[in-house]
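Worksheet for the structure shown next.
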Amino acid sequence: MLSGIRIVEIEGLGPGPFAAMTLADLGAEVIVIHRKGGGVTPGMPERSLLDRGKRSIALDLKDPDDLATAKALIATADGLIEGFRPGVMEKLGLGPEACHALNPALVYGRMTGWGQTGPLAHAAGHDFNYISLSGAMWYASAPGDPPQTPATLVGDIGGGAMYLVTGLLAGILNARATGRGTVVDAAIYDGSAHMMNLLMSLRQAGGLSDRRGQSLLDGPHWSRSYACADGGFISIQALEPKFYARFLELMGLTGDPEFQKQYDPAAWPLLTARLAGHFAQHPRAHWEELFLGTDACVAPILTPSEAAAHEMNRARQTWIEAEGTLQAAPAPRFDGQTHRPGPIPERGEHGDAIRAELAPGR
């Protein structure tokens, strides 16, 4: 879908490489500039699946010759991705002004936690910090428990990488129409707050409270997870009355008067405790079999390995084994397009070929 678009990625952490991987999954040519001789980020593999489908060149951006190669490469690109703190790229001579002098139509994507401006722009932080201050973490976890979300998904990926991808694509469309590039300021703080607007629409209707456990999606007995007899977990979110009625039917609770109080916050704690007792009576497999394929809005909570073995995945091949590692296939899907990711390059693997392409006269 993105054939003909070239993205240059300056090696960074988390959301930047993920955004570049997503663009590569969609068919863009992505060239990642890996650090020359700098080793990999602690905790990350030598060949990261976030580099799948990309070409790699290893450069030392403090070396004049390598910097010249980077500039020549950027001059050919539609978009650039960098994830340093504000000012670092400018010190390297690769800030937006310098890059736009080389390539006026370049869409310059900047991925940070706090953004390019504001009192925290130069402060360190991580996923939890950004989504805590943006308000996006407030409704996570059960009432009374410290808020906790799945690592990286809400902040780094949802509020960061996906907004960078959106910004880059919007900028490239505009550049192709006008010939003028732009700077995309993709801040996890901003993006994670923007994702709250669906919940904010509930606030308009009175369905969202600043008190945890009092809103439609974070307080009810029908919108949470429960422990099963074998230590597994099951999730339920039977929001609409017809789905809730089906849930009660399968649980054998249709005639119970207390469970008729679906939207009564005062009843939620007691009903939560009662459901916890029910689910604790049987292993997860029992509940999975009972609810599979029904409209009760109940599903088992699986590990990635379990998800890969599930019949849903056998049908869709969302989780795949490629190059010796479990990974999720590209998404979304397009009619007639391949659903397999590209290969993971060695660091610097395509350096000679990329330099040859940049040579004068080619």
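What to note about this one:
- Once you divide the Cα radius of gyration of the range 58-185 by 2.2 N^0.38 Å, the number left is 1.24.
- Computed from the Cβ-Cβ distance with R0 of 51 Å, the FRET efficiency linking GLU346 to SER225 stands at 0.80.
- Paramagnetic label zone (point 7 Å from Cα along Cα-to-C-beta, LEU173; backbone N under 20 Å) in the range 107-143: 107-110
- The range 215-240 and the range 100-124 have their alpha-carbon centroids 40 Å apart.
- Across all directions, the average projected area of the convex hull around the alpha carbons of the range 288-334 is 4.3 nm².
- 21 Å Cα-Cα reach of LYS54 towards lysines, excluding residues that sit fewer than 8 places from it in its own chain: LYS36, LYS71
- If you take all other residues with their beta carbon under 11 Å from the beta carbon of ARG284, and give Lys and Arg +1 and Asp and Glu -1, the sum is -4.
- THR294 paired with GLU90, simple spin-label distance in nm, labels 7 Å along Cα-to-beta-carbon: 6.1 nm
- Largest to smallest principal axis extent of the C-alpha atoms in the chain, angstrom: 81, 44, 39
- Rounded to the nearest 10 Å², the accessible area of GLU306 at probe 1.4 Å: 70 Å²
- Most mobile listed residue (LEU120, LEU26, LEU164) in the chain, GNM with C-alpha springs under 10 Å: LEU120
- In Å², nearest 10: area of MET111 left accessible to a 1.4 Å probe: 10 Å²
- A simple rule links phi to the HN-Hα coupling: the Karplus curve 6.51 cos²θ - 1.76 cosθ + 1.60 with θ = phi - 60°, which for the range 185-200 gives 9, 9, 10, 4, 4, 5, x, 5, 5, 4, 5, 6, 5, 5, 5, 4 Hz, with x for Gly and Pro.
- Inter-site label distance for GLU97 and ARG355 at 7 Å from Cα along Cβ, in nm: 3.2 nm
- With the helix formula -39500 (n - 2.57) applied to DSSP H stretches of n ≥ 4, the chain reaches a computed 222 nm mean residue ellipticity of -9500 deg cm²/dmol.
- Straightening the chain between ASP335 and LEU202 buys 44.4 nm, computed as 0.36 nm per residue apart minus the Cα-Cα spacing.
- Remark: spin-label model distance ARG314-ALA123 equals 5.1 nm, labels positioned 7 Å along the Cα→Cβ axis.
- Cα gyration tensor shape of the range 1-103, rounded if a/c is under 1.5, else prolate or oblate by comparing a/b with b/c: oblate
- Gained length - GLU240 relative to GLU46, 0.36 nm times residue gap less alpha-carbon distance: 65.1 nm
- 25 °C / 0.890 mPa s Stokes-Einstein diffusion coefficient of the range 73-143, Kirkwood radius on C-alpha pairs, µm²/s: 175 µm²/s
- A simple charge model with +1 on the Cβ of Lys and Arg, -1 on the Cβ of Asp and Glu and nothing else charged puts the dipole of the range 236-289 at about 60 debye relative to its Cα centre.
The values are calculated or read from the model by the stated rules, or taken from the named source; none is laboratory data. These numbers were taken from a predicted model, which means no experiment stands behind them. A quick note on method: Cβ atoms are made from the backbone with ideal geometry, for glycine too, and the neighbour counts reach across all protein chains shown. For accessibility, only protein heavy atoms count, side chains too; no ligands or nucleic acids. Shrake-Rupley method; radii C 1.70, N 1.55, O 1.52, S 1.80 Å.
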